[in-house]
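For reference, the structure discussed in these notes is given below.
The values are calculated or read from the model by the stated rules, or taken from the named source; none is laboratory data. Note that this is a predicted model, so its numbers are computed, not measured. Reconstructed Cβ throughout: ideal geometry from the backbone, glycine too, with neighbour counts over all protein chains shown. Keep in mind that these areas ignore ligands, DNA and RNA; they rest on the heavy atoms of the full protein, side chains included. Shrake-Rupley method; radii C 1.70, N 1.55, O 1.52, S 1.80 Å.
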Amino acid sequence: MMEIITSIGEMKTWSRRIRDEGKVIGLTPTMGCLHEGHLSLIKASITECDSTVVSIFVNPTQFGPDEDLGSYPRTLEADKEVLRSADIDVLFLPTKEDLYPDGFQSFVEVDNKTKYLCGKSRPGFFRGVTTIVLKLFNIVNPDTAFFGEKDRQQLEVIRTMVRDLNLNVTVTGKPIVREDDGLAMSSRNRYLSEEGRLSARSLSQALETAQTSIEQGERSTETIRNKIRQMIEKRNGTEVDYISVCDPEDFSEHKEIRSKTLIALAVRVGNARLIDNRIVERT
Ligand code: PAF
């Protein structure tokens, strides 16, 4: 039976009790509007841990002033049903007032890794993410936390925070889950119009083409970036935010493709800002 906990104190008490029983706790932090991508993380937690907690909280500190905090899709009743069917142990639903009480002024920030990609185009985003994730870790006290590789920079930034601050959590990343036509699953796909949905396919198609080019011997990161840009910009309603061909761990860019390369994209398609990525190993 899924328990719903809204109070921070009750969540801490539950976690202490479960740990005292010698059980391993898995946490999947989410902002709700659950899709198959979230479900793959939740299923991994159920398989790998004794007790599974999923949190839903649309975290205001990771949204910029001109971003979609107000319109971010909220589908709580449907999410509850999905989580009940998945048979998780606890749905943690903290309130904004409890997480960010009046006078809140403490943030945690990862330095270098947040200067690139989404960190560059969304100032303050990772500061908000690491702060809420650290708070959730402190409240839920999980042994393992699950994050999707679609948000690869987020995953690396959280891993760095965990290492640097000596947190007792194992961070587990799980592969991107895609629609049949390759579009990476995202809560923001809901913002796409019918035409936008077609244009959005160009992200995964361009990544695939880039991978093939590298496998066939292309070594110039600039050529790869240009190829991706051309493929995406010829589709209606697309606006490239960034295309990066970079190191998968520190996100630095180089002129030549190295042995292991991350290709990461952020593209606006109508009202939706979509991200996708792929790691390519040079043969
Ligand atoms: O990836 C997300 O949904 C959010 O950034 C997270 C990790 C739940 C923090 O709010």
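The table below lists the values:
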| quantity | calculated |
| --- | --- |
| Restricting segment 185-210 to residues that are open to solvent by 40 Å² or more (accessible area, probe 1.4 Å) and over 25 Å from residue 34 (Cα atoms), the residue that is farthest from the chain's Cα centre (by Cα) | 209 |
| Subset of segment 120-130 [assigned to a helix (DSSP H, G or I) and within 13 Å of the ligand (Cβ to nearest atom)] | 125, 126, 127, 128, 129, 130 |
| Filtered residues of segment 180-203 (kept if assigned to a loop (DSSP other than H, G, I, E, B) and either of a type in the set (Asp, Glu) or within 21 Å of residue 249 (Cα to Cα) (or both)) | 180, 181 |
| Qualifying residue in segment 257-273 (condition: open to solvent by 20 Å² or more (accessible area, probe 1.4 Å) and under 16 Å from residue 176 (Cβ atoms)) | no |
| Contacts under 6 angstrom Cβ, first residue in segment 29-52 being at positive phi, partner within 16 Å of the ligand (Cβ to nearest atom) and open to solvent by less than 40 Å² (accessible area, probe 1.4 Å), 6 or more apart | 32/56; 32/79; 33/73; 33/75; 33/187 |
| Within segment 1-119, helices (runs of 4 or more DSSP H) holding 1 or more residues that are within 13 Å of the ligand (Cβ to nearest atom) and under 23 Å from the mean Cα position of the chain (by Cα) | 36-48, 76-86, 96-99 |
| Counted residues, segment 138-179 - those being surrounded by fewer than 22 Cβ atoms within 10 Å (Cβ to Cβ), part of a helix (DSSP H, G or I) and within 12 Å of the ligand (Cβ to nearest atom) | 4 |
| Some residue of segment 242-255 being free of Cβ contacts under 8 Å to residues at least 12 places away in the same chain and at negative phi | no |
